[in-house]
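Below you'll find the structure, written out as C-alpha cells, and then a few comments.
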C-alpha cells in the first residue's frame, strides 16, 4: 500500500505509525506543508494520513497552505481513497465533509479515557477498541459528526472524539500514535498550554504511566492493519 502523510509542523510526525507501516511493507511519502512542499497527485497513494498541529482549521491567514490542503482533502475523498485524520487532521476532514468546528468547552491534554460507540461493531474497526481506554489528547477544538458518519467515541471533556465514514474515512480527535519521544516534543513546543485547567495534566502526570503509550500504539497498529483490507 502506498501511504502519503501531510505534516503541519516538524514536531508532529507519524510516531509509532512509522514502524508499523514499514514493517507491513508499505511505501511511505510525505508532504511537509510547513516547508512549502508541493502536494502529490491523488493517484499516487492509497492511504492519506493527515497529522495534527497547533494551528486551527480557520488559520488560513497565518498558514495559507491550509486552503490548498482542504482542496486536496476534498479531492482525496472524491477519489474514494482511504484516509486517516488525527487531531487537526480530523478537524480538517470533518470541515471538508460539512461539519462545524468550534472551540471545545475544555482544553484536553494528557491521558483521559474514551468510550467507543457500539456502532463501531458494524465497521472495519470492530473489536479494535476496548470498552474504555485511556488515550493521549492534545486539543482545544472539536467538531460535529458529519452527516452519514458513525460516531467513534466520546470522553468526559469532549463528546465527539472521532468518526468513521464509508468504512474508509477515519477521524480521530485523540492520538494513538504518541510515543514518549513524540510526547516530549509536543510538550517542548506547547508547554504554555499546560495551564492547570480541569482536563489538562502536568508533564509529570503525562509520563507517570508509561504503559499507556504501549497500549495506544497497539490499538493504532490494529487500526492501520484494518485499513489495509
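What follows draws every value from the coordinates through simple rules; no lab data is involved. Note that the structure is predicted; figures quoted are calculated from it, not measured. Cβ: placed from backbone, ideal geometry, glycine included. Neighbour counts: every protein chain shown.
Give me P(r) over region 2-226, computed from all C-alpha to C-alpha distances, binned every 5 Å, as integer percentages. P(r) for region 2-226, in whole percents per bin: 1, 7, 16, 20, 22, 18, 11, 4, 1, 0.
Relative contact order for region 68-180: 32 percent, from Cα pairs under 8 Å spaced at least 6 residues apart, divided by residue count.
Here residue 225 and residue 43 are evaluated by their C-beta separation; at R0 = 30 Å the FRET efficiency comes out at 0.80. Sorted into 5 angstrom bins from 0, the C-alpha pair distances of region 42-103 split as 4, 18, 31, 27, 14, 6, 1 percent. Using C-alpha pairs under 8 Å with a sequence gap of at least 6, the mean separation divided by the residue count of region 2-226 gives a relative contact order of 21 percent. With a Förster radius of 25 Å applied to the beta-carbon distance between residue 68 and residue 1, the computed FRET efficiency rounds to 0.55. For the listed peptides 37-46, 136-145, a ranking on the average number of other beta carbons within 10 Å per residue, highest first, reads 136-145, 37-46. Summarising the label geometry, the points placed 7 Å from Cα in the beta-carbon direction at residue 192 and residue 28 lie 3.1 nm from one another. Here the peptides 221-229, 177-185, 5-13 are ranked by packing, the mean other Cβ count within 10 Å, and the order with the highest first is 5-13, 177-185, 221-229. Have a look at the DSSP beta bridges in region 2-226 and tell me what percent are antiparallel, nearest 5. Of all bridge pairs located within region 2-226, approximately 50 percent are antiparallel. In this calculation the C-beta distance from residue 208 to residue 18 is compared with R0 = 30 Å, giving a FRET efficiency of 0.75.
Taking a label point 7 Å from the Cα of residue 218 along the Cα→Cβ vector, which residues of region 164-183 have an amide N closer than 17 Å to it? Counting only backbone N, you get 176-180.
Sorting 119-129, 156-166 by their mean Cβ neighbour count within 10 Å, with the most densely packed peptide first, gives 156-166, 119-129.
Taking the helices alone, the chain has a mean residue ellipticity at 222 nm of -8000 deg cm²/dmol, built from -39,500 (n - 2.57) per DSSP H run of at least 4 residues and averaged over all its residues. P(r) tail for region 50-175: Cα pairs beyond 17 Å make up 54% of the total. Do you know the relative contact order of region 9-69, to the nearest whole percent, from alpha carbon pairs under 8 angstrom that are 6+ apart? Value for region 9-69: 34 percent.
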